[in-house]
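Working notes for the structure below.
Taken together, the values in this text are just the output of simple stated rules run on the coordinates, not laboratory data. Every value quoted in this text rests on a predicted model; they were computed, and no experiment measured them. Because the Cβ atoms are built from the backbone with ideal geometry, glycine has one as well, and the counts that use them run over all protein chains shown.
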Amino acid sequence: MKKKIIFLFLFIPLMAFAQSGGESLPVHSTEVAPGVYRLFVNERVATVLFSGPDGVILIDAAYEQTATQLKAAIEAITQTPISYLVNTHHHGDHVGGNVALGSNAIIISHQYVRDYVSSEHRAGERVIPAMAEEGRPDISFLNELKLDFNGQTLQMLHLPKGHTNGDVIIYFPESKVIVVGDLLFADNFPYVDVGSGGDPMGYILNQQYILDNFPRDLTVIGGHGPIYTMERLREYNLELQKTVETVRIAKQQGMTAEQMKAARILREWEAWGKFFITEDRWIDTLFPVL
């Protein structure tokens with residue numbers, strides 16, 4: 001089916017997460033398969049809506065600050081309440097809207113995510129409180145969970161030690177769609193949350209697992225950046241491996257991380273450093289593990 005693009009001008013207030021001042025950004029909806037929509041929030045983070053005869057599943061809830069706009073975008077597609085909310089991992093741009101959007105739904109995540117959002121954390125001097133009970137996952141799992149819904153058996157699979165240690169991918173076999181969360185920062189250097197069990201080598205291996213174990217004709221929806229085909233994911237993964245080898249060789253030759261940055265050894269991938277993770281931050285991520 002040809003993808004249908006809907007521009008929903010549901011304007012999002014510019015807060016700390018905004019990219020630029022003085023403008024408002026829409027929620028963009030793309031129907032990637034019948035009843036399956038990618039909702040791109042604030043031109044930064046993707047959520048996925050699956051609507052059908054059994055009800056509605058939402059994958060990720062984006063920011064707390066954008067919950068009203070995301071809800072309006074969903075209601076422009078369907079008036080059916082959300083039955084299930086699935087979190088791909090625990091970061092605030094994916095679970096922030098849990099309370100507002102998932103309080104009347106069954107929330108599903110990996111056990112790591114439930115444990116994380118259910119307790120208080122510190123980020124430097126800042127205290128991050130536990131999430132309100134109504135936003136915490138109701139169902140958590142360790143390895144795999146299957147759900148029969150809207151005529152499909154959805155497969156939720158934990159891939160450890162990638163972006164975090166609680167990443168979940170969701171496979172829609174009949175729709176030929178796979179949602180991989182932040183295991184894909186499409187067209188950008190990835191962010192690997194080492195403090196939450198992420199690992200850059202595991203990140204690459206998890207992408208390879210997806211490529212090796214799922215059909216080649218899938219639409220791939222990552223947490224950030226454009227929609228991919230499986231072939232485009234393969235190309236991205238190969239380029240990511242090249243960045244690793246570039247840093248590895250430089251380290252073997254005796255260069256420090258600061259010398260690598262000064263020499264701009266990753267300048268070939270300059271375009272990847274304009275979203276969140278810069279060339280320098282990717283070097284800092286790779287250097288300790290090579």
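Please report the relative contact order for region 4-230, taking Cα pairs under 8 Å with a sequence separation of at least 6, and give it as a percent rounded to a whole number. Please report the intermediate quantities before stating the final value.
Details: 518 pairs, mean separation 31.4, N = 227.
Reported relative contact order: 14 percent.
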Gly181 long-range amide H proximity, modeled H, under 5 Å: Gly223
From phi via Karplus (6.51, -1.76, 1.60), per-residue ³J(HN,Hα) for region 258-267 in Hz, x at Gly/Pro: 5, 5, 4, 5, 4, 7, 6, 5, 9, 4
Total charge dipole magnitude, region 4-230, about the Cα centre, Cβ charges on Lys, Arg, Asp, Glu only, Debye to nearest 20: 180
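When DSSP beta bridges are limited to those with both residues in the chain, what percentage is antiparallel, rounded to the nearest 5? Can you show the working numbers first?
Numbers: 40 of 55 bridges.
Taking every DSSP beta bridge within the chain, about 75 percent pair in antiparallel fashion.
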Rounded tilt (10° steps) of 230-252 against the dominant C-alpha axis of the chain: 30
Descending principal axes extents, region 36-175, alpha-carbon based, whole Å: 46, 32, 27
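Convex hull volume of the Cα atoms in region 98-179, per residue, in Å³? List each step's numbers first, then the result.
Details: hull volume 8.9 nm³, N = 82.
So the per-residue Cα hull volume is 109 Å³.
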Radius, Kirkwood style, for region 124-233 when every pair of distinct Cα atoms is counted (Å): 15.1
Rg over Rh, two decimals, the chain (C-alpha only, Kirkwood Rh): 0.96
Protection proxy ranking of 272-280, 92-100, 74-82 - average other beta-carbon atoms within 10 Å, highest first: 92-100, 272-280, 74-82
Distance from region 118-145 to region 160-233 (C-alpha centre basis), Å: 22
Pairs of lysine residues in the chain - Cα separation under 19 Å, sequence separation of 8 or more or cross-chain: 9
Percent breakdown of C-alpha pair distances by 5 Å bin, ordered from the shortest bin, for region 158-290: 2, 11, 21, 23, 20, 12, 7, 3, 1, 0, 0
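Neighbour counts of other C-beta atoms within 10 Å: give me Ser119, Ser109, Ser51 arranged from fewest to most. Walk me through the intermediate numbers first.
Numbers: Ser119 11, Ser109 30, Ser51 22.
Ascending number of Cβ neighbours within 10 Å: Ser119, Ser51, Ser109.
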Selected from His94, Pro81, Leu240, residue furthest toward positive end of dipole (the chain; charges at beta carbon): Leu240
Cα lying deepest toward the dipole's positive end in the chain, options Pro288, Gly254, Asn143, charges on Cβ: Gly254
Folded to 0 to 90 degrees: helix 200-213 orientation relative to the chain principal axis, Cα: 50
